[in-house]
There are 2 protein chains.
Amino acid sequence: MNEALRNAARRADLIGMCPKEAADILLDQGSVRMFERGATVFSAGAPAQHVFVIMAGWVKLYSVSARGQEAVINVLGPGQTIGDAAVLGAPAHMVHAEATTQVQALQLPVSLVLSLMDRSPETRGAILAGARAHLNALVREIEMLKLRDGAQRAARFLLSLLPPGQGGACDVRLPYDKVVIAGRIGMSPESLSRAFARLRNRGVTVEGNTARIADTHDLSRFCDLCETE
Amino acid sequence: MNEALRNAARRADLIGMCPKEAADILLDQGSVRMFERGATVFSAGAPAQHVFVIMAGWVKLYSVSARGQEAVINVLGPGQTIGDAAVLGAPAHMVHAEATTQVQALQLPVSLVLSLMDRSPETRGAILAGARAHLNALVREIEMLKLRDGAQRAARFLLSLLPPGQGGACDVRLPYDKVVIAGRIGMSPESLSRAFARLRNRGVTVEGNTARIADTHDLSRFCDLCETE
């Protein structure tokens, strides 16, 4: 791994939060993997042998029902970790993971991550923080599915793409296919198009892969975001 | 805590999985709390000072939107743990917890549970297994919300009440109010009544607080359960 890549990895959630010594061990023993769009990163039920830190691109986590219907659980991107239920002791992956764009990821052996948990309370805290963030994201996802209508879900998705603290008018780039976005927020691609159309009178214009938001605060109010968000 | 209560607590997920020595420390330092129906166990955003092991009754975990709409995230019962995102380092509770029936719970200081994580890998594994179970339950919940229609959700809820391994014909007791059940599976009370009515031709009869299932395997197939379930 070259120095530029190591520096990029140090900004990722898992590695960035670890004390330097533990972060260096992860960087030294991790290996860089490339996945083409559509490639499987891991399958549900397969032994959880690696945790992946996404360096570039987007990974879709999903389940498949007995009749073959797909449910997108989450779509994670640069700096985020996947497969980390293993650090809570899960012997197998809970969901399928598929590269939804080209993906570059740092592959870390679960055994290495687990051994670092014993190293210091700070390292353990950094490793568990990822699992906590996932728990939190899943809770927010359930709130969204239970409370919000299509236009609110679409607006909330657009707001989630903003860098922290960004307000007022701004443009956001849609990071992956509209079909994946639709699955991510629990609707059909047609419903997503209708939702974007309905957002026009809330000051949102979607053209190609860019969404222009006239007023992010106004849009947040429209989404009726939960009090703890 | 009397011996009967200690034995009951030893069957709970968190305590039952701990090595005996750690379990005894939790039992010695935990205190028994009673909550009346409707009482607050903890509030979202409040400092996470305690983890609760439910001994009897049911606790509703929920969020409230800016406009005051409530989203039920989960309803947990005997043997299950609430507030345990704190063991992953969360400084504050993510959601509100309210007793939906009368509740008896064992209250454990977060600091005590955290200190036991350093005691042995077995104890740490037992403590983290609870967080893993929650992560898993939230993933299954999202699958349910994204994939299934009302009758499938209602059927899946009934199946979740069966003891593991139970099959064929059986009766299940509805553990809490139909209003809470409806919120739990993301629908209105009226939609839940319609869903139960639609399940009649799948061999399900709901009368008062009892649901009679003619064939659990048949009902599982109807629910189109995910391949990893």
Test: residue in the range A:126-140 that is away from chain B (no Cβ under 13 Å), buried (at least 17 other Cβ atoms within 10 Å of the Cβ), more than 17 Å from B:Leu128 (Cα to Cα) and in contact with a strand residue (DSSP E or B) (Cβ under 9 Å, 6 or more places away or on another chain): no
Residue ID - nearest to the other protein chains (Cβ to nearest Cβ), chosen from residues in the range B:172-229 that are under 18 Å from B:Leu76 (Cα atoms) and without any contact (Cβ under 8 Å) to a residue 12 or more places away in the chain: B:Ala182
Number of positions in the range B:18-64 that are of a type outside the set (A, V, I, L, M, F, W, C), in a strand (DSSP E or B) and under 16 Å from B:Thr123 (Cα atoms): 0
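Among the listed residues B:Glu98, B:Glu36, B:Glu70, which satisfies the condition of being acidic (Asp, Glu) and touching a His at 6+ places or on another chain (Cβ under 9 Å)?
Just one listed residue meets the conditions, B:Glu70.
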Single residue of the range A:55-69 satisfying the filter (facing another protein chain (nearest Cβ under 8 Å) and touching a residue at least 24 places away in the same chain (Cβ under 8 Å)) that is surrounded by the fewest Cβ atoms within 10 Å (Cβ to Cβ): A:Val64
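Would you check which residues across the range B:147-169 are part of a helix (DSSP H, G or I) and within 20 Å of the chain's Cα centre (by Cα) and list them?
B:Gln152, B:Arg153, B:Ala154, B:Ala155, B:Arg156, B:Phe157, B:Leu158, B:Leu159, B:Ser160
Does the range B:24-35 contain at least one residue that is facing chain A (nearest Cβ under 8 Å), surrounded by fewer than 19 Cβ atoms within 10 Å (Cβ to Cβ), of a type in the set (Asp, Glu) and over 20 Å from the mean Cα position of the chain (by Cα)?
So far as the range B:24-35 goes, no, none of its residues is facing chain A (nearest Cβ under 8 Å), surrounded by fewer than 19 Cβ atoms within 10 Å (Cβ to Cβ), of a type in the set (Asp, Glu) and over 20 Å from the mean Cα position of the chain (by Cα).
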Residue tally, condition surrounded by 15 or more Cβ atoms within 10 Å (Cβ to Cβ), away from chain B (no Cβ under 12 Å) and out of contact with any Leu (no Cβ under 8 Å at 6 or more places or on another chain), over the range A:143-160: 1
Which listed residue, of A:Phe42, A:Phe52, is more than 13 Å from chain B (Cβ to nearest Cβ), more than 18 Å from A:Tyr176 (Cα to Cα) and surrounded by 15 or more Cβ atoms within 10 Å (Cβ to Cβ): A:Phe52
Checklist (1) within 20 Å of B:Pro175 (Cα to Cα); (2) in a loop (DSSP other than H, G, I, E, B) applied to B:Arg67, failing item: (1)
Condition met for B:Arg202 (surrounded by fewer than 16 Cβ atoms within 10 Å (Cβ to Cβ) and modelled with pLDDT of 90 or more): no
Counted residues, the range A:189-214 - those being of a type outside the set (Val, Ile, Thr) and assigned to a strand (DSSP E or B): 3
Tally, over the range B:82-110, of residues that are within 13 Å of another protein chain (Cβ to nearest Cβ) and either in contact with an Asp or Glu (Cβ under 7 Å, 6 or more places away or on another chain) or without any contact (Cβ under 8 Å) to a residue 12 or more places away in the chain (or both): 1
B:Arg10 vs. criteria within 17 Å of B:Gln107 (Cα to Cα), among the basic types (Lys, Arg) and within 18 Å of the chain's Cα centre (by Cα): yes
Index of the failed condition, A:Ala97 passing every other in (1) under 20 Å from the mean Cα position of the chain (by Cα); (2) closer than 26 Å to B:Ala66 by Cβ: (2)
Odd one out for B:Val72 among (1) farther than 15 Å from B:Ala8 by Cα; (2) in contact with a strand residue (DSSP E or B) (Cβ under 8 Å, 6 or more places away or on another chain); (3) more than 9 Å from chain A (Cβ to nearest Cβ): (3)
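The values are calculated or read from the model by the stated rules, or taken from the named source; none is laboratory data. Please read all numbers here as calculations on a predicted model, not as lab measurements. With ideal geometry, Cβ positions are generated from the backbone for all residues, glycine too; neighbour counts draw on all protein chains shown.
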